1. Only one of these is within 29 Å of ASP468 (Cβ to Cβ) and either over 31 Å from the mean Cα position of the chain (by Cα) or of a type in the set (A, V, I, L, M, F, W, C) (or both): ALA361, ALA411, ALA428, ALA368. Name it.
2. Here is a check on your reading of the model: is TYR529 assigned to a helix (DSSP H, G or I), out of contact with any strand residue (DSSP E or B) (no Cβ under 7 Å at 6 or more places or on another chain) and not polar (S, T, N, Q)?
3. Which condition number does ILE618 fail, the rest of (1) touching a residue at least 12 places away in the same chain (Cβ under 8 Å); (2) closer than 21 Å to GLY303 by Cβ being met?
4. Write out, first by first residue and then by second, each pair whose Cβ atoms fall under 6 Å of each other, whose residues are 6+ apart or on separate chains, and whose first residue, in region 80-104, is at positive phi while the second is of a type in the set (Val, Ile, Thr) and in a strand (DSSP E or B).
5. Quickly run through region 140-196 and pick out the residues that are of a type in the set (Lys, Arg) and farther than 19 Å from ILE395 by Cα.
6. Quick test for you: out of LYS241, LYS259, LYS273, pick the one residue that is closer than 23 Å to LEU109 by Cα and either of a type in the set (D, E, K, R) or touching a Ser or Thr at 6+ places or on another chain (Cβ under 8 Å) (or both).
7. Being in contact with a Pro (Cβ under 8 Å, 6 or more places away or on another chain) and closer than 27 Å to TYR176 by Cα is the filter here, so list the residues in region 199-221 that pass it.
8. Tally time: how many residues in region 69-102 are crowded, with 17+ Cβ neighbours inside 10 Å and assigned to a loop (DSSP other than H, G, I, E, B)?
Amino acid sequence: MTTLRFAPYEIMAAELGAENPMPDLKNVSYIHATYRASDNLSEEDKKHMGKGMVQTILPYLNEDGYNRDLKKRAFRAAILENEKMRAVFLPEVGGRLWSLYHKEKKKELLFVNSVFQPGNLGIRNAWFSGGVEWNVGIKGHNPLTCDPLFAAESKNASGESILTMYEYERLRGLVYAIHAYLPEGSDKLYIKTTVENKSDTEKYMYWWSNIATEEKGMRVLAPADEMFLCQYGDNAYFIDKCPAPFYEGEDLSYPERGKRANDFFYIVPDEAKKWVAVVNKEGEGLLQVSTPELRGRKVFLWGQGRGGRNWNRFLQRDERTYIEIQAGLLRTQMEHIPMPPKTMWTWTEMYTIGKIAPEKAGADWKEASEAMAEYVDSIYDLDTIQIPTDSEKEIKMYGSGWGAFESRFGAVSDICVFPKDSMNEKQAEWNSLLDNGYLPENDGKTPPISYVTDAPVLELLEKSKKTDKGNHWYTLYHIGIIRYKQGDIDAALTAWLTSAEKKKTPWNLRNIAMVYKNDYNNPEKAVEYMTAALEEAETECRGLITDAGALYTACGADEKWLSLYASLSPAMRSLGRLQLYTAVAHLHLDEKEKAAEYINEEFLLSDIKEGELSVSAIWQGIYDGKKELPEHLDFRMHE
C-alpha cells in the first residue's frame, strides 16, 4: 500500500538567513555570462541560444544571508512510500526530492547530502547540492530553490495518494506544479510536471530536472552519439560539439576521468526514447526516463582539479563526490523556448533503478547504452500511466502569498489553489495599493521588504502619485523599480532622483548610486550618491554595506571603504565578503601586508560564487607566487 505522510526530517543545516533587501540592479549578470559557439554548431543548434536572458532578478530579492554554522534542523518532509520504495521530498526548500531509497535492493538511488549548506551558485545566490532539483523558468537554478512550495495531497481514481508541490514563479509569471506518484507495489516514482501560462502574452520557458548521484565507481549512459560540450571560462562559456562520450581523449562516461568542471549535453535523437542513467560496475543505478517533451540530457562534473574537488567539499562538508545528470526541455542550458499565451505544458518523468548485465556496464559506450535502451523499452509505460492533475487537493503546507496576490488580477492556474490567507506582510502594502489606490508611505528608516514589477501595478502607482495620499517618495521609489525592470534605465533614474528630492533615504540614494556605477559608468556620481546613502542610514544594513564595499573598491574610493569598514560593528567586520573588499582596498593602495591580515590561511568566504576568481587573484596579488594558494581557498573551475 502507498502512503503519503508529512513528518520531521532532521539533518545538520546552516541557517539560510534573511533576504538581502537591496533590489538587484544588474548585480547578477554573471548568471547569464556570455557564450561563444564553435564552428561545429549549426544555425539550428544555436536557434534558441542566448534568448530569454534577464538583467535583473526583480521582483525577487537575493538570498545571501546564510552562514556555515551547522545546527540540527527538522525539515518537514513529504514522504511517499510503498512496499518497494521511499521518496523523501522537502517542500520547504523548493520541493527537492531529497532521497529515493529502493527497499528491496537496500540502495539509495540519489546522492543524499548529509547537510543543508547553501552556497552562491543560484540566480538568487543561495543554492544547495543533493537530491533532485526542479529548475523552472530561467537559467541559473530555480529562483525558489531555497523557498517553500505549497504541498497538497490528492487521490487518483484508485484512491492512491498523489503529492502535489506548486508555486507561482514571479520572474516569468507562471504557475508550475510537481505531481509525484508512487503506485502500489511499484519501484517506479513518477513525476508529472505542469507549467501554466494563463496570461495573454508569450513567455520564455526553461526546465531542467537536476539529479545528483554518486560519482565514485559510476558510469553515465545515454542514447546519444554526439554531445555539446560547455566549457567554463572567466565569466563566459565556450560551446562545442564532439562525439559522445569522448573529450580530450578520455571516455567521460566515467565521470572520475574528467579533468575539470564541465557540462556535457547529450544530443538524443528525436526518435529515441528520452533517458539518462548512472550505473555501477554491476550494471545497477539510477535510471531517469521521460516523455518526449524533455528532449535534453546532461551530465555535470566538478572534475578532478583542485578547484572542483574543493567546491565538492564546500557544498557537502565531507569527502564524498557527486555528479549531476539532468533532463531538460531543450538541448542545452543556454536556451529558453517561447511558451504561447493561455497554454499549459506537461510532461512525465520516471525515476527507478536501471539494470543491465555487468559485462554490458563495462562495454564500450554504444554497446552499454544500447543495453540500457533495451531495458528502458522493457519497462516503459509513460504513455499509459495515469496521473490526474486537476483532482481536489488538500493543502498540507503553504508556500508564498504571491500566487494569491497575483490572482487579484485574474486566475493564474486552472489546477492549483492559492488561498487568500497565504498572504502576509510582504503582500500587505500592495493589497493596500489595490484596495485604496495608494501605497502607505514608508518612513524611510527600514528598507522595503518586497517588490512587485507588474505593469498593472505601475499604472496604479503612476495614478496614485497624482493624489495627496500617494504623492510621496515611496511611490516614486517603486515606480523606479518597475521602470528599471522594464529596461527603461533613464526613467528609473528620474523616478529615484525625484523620490530623493521628496525625501532622502538610504534606499533611493543607493539605487541612484548603483545605476551610475552599473549602467552609466560614472564612478564619481556613484561614489557621491553611495556616500549620501550611508549618511542617511540610521542602522547597519548588511546589503547596503556590501554594495558600498563593491562600489567603493571598483570606483577608486578605497580610502572611503577602509574608513567605513573601521566604523562597523565586530559582527559586520567578521563577514568574509567585507573582509575581501578590505583586502582589495589595501592592495589598490599598495599595502600588501595589511591586505594579508585579511586574506590568509584562515580566511573564509561563505558566499563565494560559482566561477568567481577573486580569492585566487587577490592571493596572487598579495603573495606574488611566493606562497601557494591553500587548497581550501582554491575555487578555480578552469585553467
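The values are calculated or read from the model by the stated rules, or taken from the named source; none is laboratory data. Quick caveat: nothing in here was measured; it's all calculated off a predicted structure. For neighbour counting, all protein chains shown are included, and Cβ atoms are generated from backbone atoms with ideal geometry for every residue, glycine included.
1. Numbers: ALA361 fails: within 29 Å of ASP468 (Cβ to Cβ); ALA411 fails: within 29 Å of ASP468 (Cβ to Cβ); ALA368 fails: within 29 Å of ASP468 (Cβ to Cβ).
None of the others qualify; the one that does is ALA428.
2. On the way: assigned to a helix (DSSP H, G or I): yes; out of contact with any strand residue (DSSP E or B) (no Cβ under 7 Å at 6 or more places or on another chain): yes; not polar (S, T, N, Q): yes.
Yes, satisfied.
3. Among (1) touching a residue at least 12 places away in the same chain (Cβ under 8 Å); (2) closer than 21 Å to GLY303 by Cβ, the lone unmet condition for ILE618 is (2).
4. GLY95/ILE178
5. Taking region 140-196 as the starting set, the residues that turn out to be of a type in the set (Lys, Arg) are 155, 170, 172, 188, 192.
Matches in region 140-196: ARG170, ARG172, LYS188.
6. Numbers: LYS241 fails: closer than 23 Å to LEU109 by Cα; LYS259 fails: closer than 23 Å to LEU109 by Cα.
Within the list LYS241, LYS259, LYS273, the selection yields LYS273.
7. SER199, ASP200, THR201, GLU202, LYS203, TYR204, MET205
8. 4
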